[in-house]
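Participant: Have a look at this one before I ask anything.
The values are calculated or read from the model by the stated rules, or taken from the named source; none is laboratory data. None of the values given here were measured: they were computed from a predicted structure. Note: ideal-geometry Cβ built from the backbone for every residue, glycine included; neighbour counts use all protein chains shown.
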Amino acid sequence: MAYVAVKGGEQAIDHAHAWLAEERRGDTAIPELSLAQIDGQLGRSVDRAMGEGSLYDRELAALAVKQAQGDLIEAAFLLRAYRTTLPRFAHSSPVDTSDMRIRRRISAVFKDLPGGQVLGPTYDYTHRLLDLELAHDSGGATPKCHDPMTAMPRVPDILRREGLMEPDGDGATEPGDLTRQPLAFPASRDVRLQALARGDEGFLLALGYSTQRGYGGTHPFAGEIRMGEVAVEIEPPELGFAIDIGDILVTECQMVNQFKGSKTVPPQFTRGYGLVFGFSERKAMAMALVDRAMRAEELGEEVTAPAQTVEFVLYHADNIEATGFVEHLKLPHYVDFQSELENVRRMRREHETSPPPAGGGLGEGAVRTLVNR
Amino acid sequence: MPDALPPDRSKTPRQRWMAVLARADADAVQARLGDVPRYTVLRGPEPGLVMVRGRTGGGGAPFNLGEMTATRCTVRTDTGLVGHAYVAGRNERLAELAALADALLQDPVQQPALLRQVIEPLAELQEARRAEIAAKAAATRVQFFAMRNMRA
């Protein structure tokens with residue numbers, strides 16, 4: 001694959017970008033969107049841009065959404081590019097999701113779980129009817145309840161008390177980092193989780209769905225979904241002790257799956273894990289399904305389906321890489337195509353002088369061309 | 001309410017005030033600090049990144065979840081106190097004010113007044129915001145009374 005630089009388009013490019021800027025702004029008789037409006041009123045877009053851009057900053061993500069005219073993959077791309085301009089100060093201590101300030105917490109496996117089911121600001125149970133009144137001003141007071149919330153243990157911990165849930169595993173290793181080392185295989189679970197957390201929601205949703213439809217089925221239950229703020233703590237070397245730098249909103253999903261057991265492990269439940277920036281429940285659930293599917297080999301299950309194929313999933317989950325490779329097809333391939341053109345013309349001539357045998361598919365020339373690419 | 005307590009149960013006084021300052025509004029910190037002594041900025045304020053980590057399954061091996069923006073600053077007062085700040089986001093003014101407040105709070109003479117005038121009111125505001133969200137969440141807690149009545 002080759003493409004050559006082509007000069008001469010500078011003015012056209014400038015004019016195209018000027019038109020883009022005008023299109024982005026739209027009718028100047030209508031007030032311009034502020035970043036606070038985007039964050040406040042299009043918060044799920046901001047969440048998705050942060051998740052797939054792998055950069056938590058609500059204001060920057062709102063700017064990216066604005067600059068990209070609401071194109072969320074483009075917005076994530078802008079955030080990924082921006083992060084390369086900044087130095088990294090530190091990594092945080094692992095956030096403690098059991099200490100989350102809960103806004104939503106539900107379980108599909110225990111009705112009366114300790115701490116209760118907290119619905120939070122959910123679309124669940126809405127009728128998905130367009131609310132025509134929302135076309136005008138909306139708003140209203142949210143009911144409040146000042147009864148104290150009780151402790152909300154994580155559902156896997158409840159199952160673990162009976163010994164029916166696999167343990168979380170060792171917590172001592174230094175995790176891999178895709179922003180510093182390219183993806184390599186076999187990819188350990190920490191790297192897989194990082195790739196999934198920044199992976200494309202649509203891709204992971206489709207793969208998760210495929211496992212439910214039988215392509216690597218794992219009989220999942222939504223053991224627990226929780227959403228809320230967690231504190232972020234770092235330990236700067238100049239201080240020598242840990243400090244809070246603020247809070248981030250995250251969504252966590254514990255997908256519970258049956259496991260028949262093996263020679264060394266008794267039958268128990270296993271889990272797929274999802275953790276994403278913002279209120280991104282669909283993404284967290286899809287991530288947990290795909291995380292569990294990719295554990296097939298580790299758990300001695302047969303690897304037959306796309307979602308269980310670690311290389312396939314991880315090489316295609318990143319929509320920034322995907323969009324780069326797909327969209328590069330727009331760049332000039334004039335020389336490349338010229339040689340294809342010559343090839344097809346030659347094959348045509350050969351075909352006209354000596355037709356291929358009956359039932360033959362591609363001619364020999366076409367096969368050679370494919371192999372040569 | 002127990003869940004809405006500030007995340008400072010096991011923190012030293014300095015960790016606590018740094019946590020409060022990191023979550024504060026720059027205007028509010030400045031207003032509450034009032035007149036400040038002369039100081040020198042030793043580093044920053046500069047924006048950068050913190051890689052946020054999670055744990056596999058919530059309690060297992062760490063993994064890198066994604067980055068967040070943060071701003072850091074270090075200042076020294078003319079009296080020789082050095083203050084540090086790391087705050088989420090890209091607010092350079094907040095980082096500088098937080099570093100200054102951290103320096104001043106280390107002076108045992110000024111500390112009680114600064115805690116009273118700056119840190120406690122800011123902590124109360126943050127607590128009120130958490131309590132408000134917690135109250136909205138609590139109002140959406142499912143009560144299965146209907147199910148019980150049907151069975152009765």
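Participant: Give me the pairs: first residue in segment A:89-117 and without any contact (Cβ under 8 Å) to a residue 24 or more places away in the chain, second residue crowded, with 18+ Cβ neighbours inside 10 Å and in a loop (DSSP other than H, G, I, E, B), beta-carbon distance under 8 Å, and six or more apart or on different chains, which are they?
Facilitator: Partner pairs satisfying both residue conditions: A:LYS111/A:GLN117; A:GLN117/A:SER107.
Participant: Could we say that B:PRO47 is surrounded by fewer than 23 Cβ atoms within 10 Å (Cβ to Cβ) and assigned to a strand (DSSP E or B) here?
Facilitator: When the stated conditions are applied, B:PRO47 passes them.
Participant: Of the conditions (1) without any contact (Cβ under 8 Å) to a residue 12 or more places away in the chain; (2) over 30 Å from B:SER10 (Cα atoms); (3) not hydroxyl-bearing (Ser, Thr, Tyr), A:ASP147 fails just one. Which one is it?
Facilitator: (2) is the only condition that A:ASP147 fails.
Participant: Look at segment A:218-241 and say how many of its residues are within 30 Å of A:GLY272 (Cβ to Cβ) and in contact (Cβ under 8 Å) with a residue 60 or more places away in the chain.
Facilitator: Number satisfying all stated conditions: 16.
Participant: If you scan segment A:83-99, which residues turn out to be assigned to a loop (DSSP other than H, G, I, E, B), under 22 Å from the mean Cα position of the chain (by Cα) and β-branched (Val, Ile, Thr)?
Facilitator: Of everything in segment A:83-99, those that are assigned to a loop (DSSP other than H, G, I, E, B), under 22 Å from the mean Cα position of the chain (by Cα) and β-branched (Val, Ile, Thr) turn out to be A:THR84, A:VAL95.
Participant: Within segment A:1-82, which helices (runs of 4 or more DSSP H) (wholly inside it) include 1 or more residues that are of a type in the set (A, V, I, L, M), free of Cβ contacts under 8 Å to residues at least 40 places away in the same chain and within 30 Å of A:VAL250 (Cα to Cα)?
Facilitator: Result: A:35-41, A:43-53, A:58-67.
Participant: Consider only pairs whose beta carbons are under 6 Å apart and that are at least six residues apart or on different chains; among these, list those whose first residue lies in segment A:269-289 and is at pLDDT below 95 and whose second residue is hydroxyl-bearing (Ser, Thr, Tyr).
Facilitator: Listed pairs, sorted by first residue: none to list.
Participant: Restricting attention to segment A:298-341, which residues are in a helix (DSSP H, G or I), more than 30 Å from A:TYR215 (Cα to Cα) and not aromatic (Phe, Trp, Tyr)?
Facilitator: A:HIS328, A:LEU329, A:LYS330, A:VAL335, A:ASP336, A:GLN338, A:SER339, A:GLU340, A:LEU341, listed by residue number.
Participant: Right, something else. Return the only residue of B:GLY57, B:GLY83 being more than 10 Å from chain A (Cβ to nearest Cβ), touching a strand residue (DSSP E or B) at 6+ places or on another chain (Cβ under 9 Å) and either of a type outside the set (Phe, Trp, Tyr) or in contact (Cβ under 8 Å) with a residue 60 or more places away in the chain (or both).
Facilitator: After ruling out the rest, the residue left standing is B:GLY83.
Participant: Can you tell me which residue is nearest to A:PRO167 (Cα to Cα) among those in segment A:229-267 that are modelled with pLDDT of 95 or more and among the charged types (D, E, K, R)?
Facilitator: Filtering first and then ranking leaves A:GLU252.
Participant: Among the candidates A:ILE102, A:ILE38, which residue alone is surrounded by 18 or more Cβ atoms within 10 Å (Cβ to Cβ), among the hydrophobic types (A, V, I, L, M, F, W, C), over 25 Å from B:ALA61 (Cα atoms) and more than 18 Å from the chain's Cα centre (by Cα)? Show your work before the answer.
Facilitator: Values: A:ILE102 fails: over 25 Å from B:ALA61 (Cα atoms).
Going through A:ILE102, A:ILE38 in turn, just one is surrounded by 18 or more Cβ atoms within 10 Å (Cβ to Cβ), among the hydrophobic types (A, V, I, L, M, F, W, C), over 25 Å from B:ALA61 (Cα atoms) and more than 18 Å from the chain's Cα centre (by Cα): A:ILE38.
Participant: Please work out if B:ALA113 is touching a residue at least 24 places away in the same chain (Cβ under 8 Å), among the small types (Gly, Ala, Ser) and in a helix (DSSP H, G or I). Let's see the steps before the verdict.
Facilitator: Numbers: touching a residue at least 24 places away in the same chain (Cβ under 8 Å): no; among the small types (Gly, Ala, Ser): yes; in a helix (DSSP H, G or I): yes.
The answer is no for B:ALA113.
Participant: Hey, another quick one. Would you confirm whether or not segment A:2-12 contains a residue that is hydroxyl-bearing (Ser, Thr, Tyr) and at pLDDT 95 or above?
Facilitator: No, every residue in segment A:2-12 fails to be hydroxyl-bearing (Ser, Thr, Tyr) and at pLDDT 95 or above.
Quick grid of which residues meet (1) in contact with a Pro (Cβ under 9 Å, 6 or more places away or on another chain); (2) of a type in the set (Gly, Ala, Ser):
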residue	(1), (2)
B:MET51	no, no
B:GLY57	yes, yes
B:GLU67	no, no
B:ALA70	yes, yes
B:TYR86	yes, no
B:LEU97	no, no
B:PRO108	no, no
